[in-house]
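This report refers to the structure that appears directly beneath it.
Just so it is clear, none of the values below were taken in a lab; they were calculated from the coordinates. Values in this document were obtained by computation on a predicted structure and should not be read as measured data. So basically every Cβ, Gly included, is an ideal-geometry build from the backbone, and we count neighbours across all protein chains shown.
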Amino acid sequence: MILSIALPLIVAAVVALASPLVLYPLLARAGVVDIPNERSSHHRVTTRGGGVAQLAAVWLSGTIAVVCAPSLESQRTMAIVIGGALLTGVLGFVEDARGVRIAVRAGTQLAIGGVVALMFVTTTEASWWLVPTAALGFATYVNFTNFMDGINGISGLHGAVVGVSYAALGSILHVEWLTVVGAIIAIAFVCFLPWNFTPPGVFMGDVGSYLLGAAIAASAMAAHAAGIPPLSIAAPLTIYLADTSTVIIKRVLRREKWFQPHRQHVYQRLVDAGASHLATALVVTLLSGLAALVGVALATRVIHSPSVAIAILTVIAFAYLSLPHFSRIKDH
């Protein structure tokens, strides 16, 4: 059991930290760069697609985890989760390298999510109508993660907090595959941070944000199929869901094209108000961590009522959404 957990994590860390030495110069020579636009929080052309290191780390460590898994059920579940995440990450890399039309991206994300959901439905007693719902949820969170990947550190830290949360839920509730997958997500993405912050820096790109969103979404599907409370699964995603949902709703109500680049996310407004990338990313991570603790408390019956958990998560979300208002007050 120790080998089935420790070996994949060691491989994830080594690959995520070391592979950029080879991969990032290749990206730079291939001209895979990020040019500042209306959404950007940076002002110079920067190499993007750095998430290829996380793609490699998840691929190699995930393969080892599947091979070393103690049961056929764990092997199958991890293979589905890792496979769905990798396919989505490859789609993101193609978008980074050459561009993909929105309709093709959306259709591919829905298709991958649908296949992942279908594989879980066929082995459980879940209703078939959940397949399109889960596919839509999968594609939605992949894009939400992409929308939130606009400043240094935020995605690496999001992977860390969600991964640790899922690993904790798996350990506490004796769902071993979730412990392993959660830990792989956490380690693979936290190891991006040194490369993200060390000059000249590199951006994760769509390959990284797609991979992260898909790994989380597929893990959430599988965790739900394993009987983990849905609210516990969704809790660490509270801040990302709240930020992106409110922005989209506001833009739709104003009849704006919600899918076009903008700077209306809470985290972007905090940076525009003078907060550093790191400080803003840490605020998002801290509140996401608090939300994750609520989810764990619900799963372990420290919090007995889902209504109480929802109330606490709502307070956390509103506190985050209110931060730009307090920044304006401070400025005045």
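Remark: the Cα gyration tensor places region 83-195 in the oblate category, a/c being 1.5 or greater and a/b not exceeding b/c. Size descriptors for region 2-331 (Cα atoms only): Rg and Dmax, in that order, 18.8, 58 Å. Panel values: region 35-153, Kirkwood radius from alpha carbon pairs, Stokes-Einstein at 4 °C and 1.567 mPa s, translational diffusion coefficient 81 µm²/s. Of the peptides 9-18, 207-216, 46-55, 79-88, the order by per-residue mean of other Cβ atoms within 10 Å, starting with the highest, comes out as 207-216, 46-55, 79-88, 9-18. Dividing the summed helix terms, -39500 (n - 2.57) for each DSSP H run of n ≥ 4, by the number of residues in the chain produces a 222 nm estimate of -24500 deg cm²/dmol to the nearest 500. Long hydrophobic helices in the chain, taken as whole DSSP H segments with a C-alpha length of 18 Å or more on their own axis and mean Kyte-Doolittle hydropathy at least 0.0: 2-18, 52-68, 72-97, 102-121, 130-148, 154-172, 176-190, 205-225, 238-253, 277-299, 306-321. Sorted ascending by nearby beta carbons within 10 Å, beginning with the fewest, Y166, Y24 become Y24, Y166. Close amide H contacts of V33 (hydrogens built in the peptide plane, cut-off under 5 Å, sequence separation of 5 or more or a different chain): R48. How much net charge surrounds G208 when only other residues with a Cβ under 14 Å from its Cβ are counted (Lys, Arg +1; Asp, Glu -1)? In short, -4. Sparse packing (at most 15 other Cβ atoms within 10 Å of the Cβ) combined with a DSSP loop state is found for the following trypsin sites (Lys or Arg not before Pro) in region 70-124: R98, R101. Between the C-alpha center of region 253-332 and that of region 184-212 there is a gap of 21 Å. Using C-alpha pairs below 8 Å separated by at least 6 residues, the relative contact order for region 229-320 is 43 percent. Each residue of region 203-267 gets 109 Å³ once the volume of the Cα convex hull is shared out per residue.
Charge tally for L27 (other residues, Cβ to Cβ under 12 Å; Lys, Arg +1; Asp, Glu -1): 0. Length gained on full extension, K250 to L7: 82.9 nm, using 0.36 nm per residue less the C-alpha separation.
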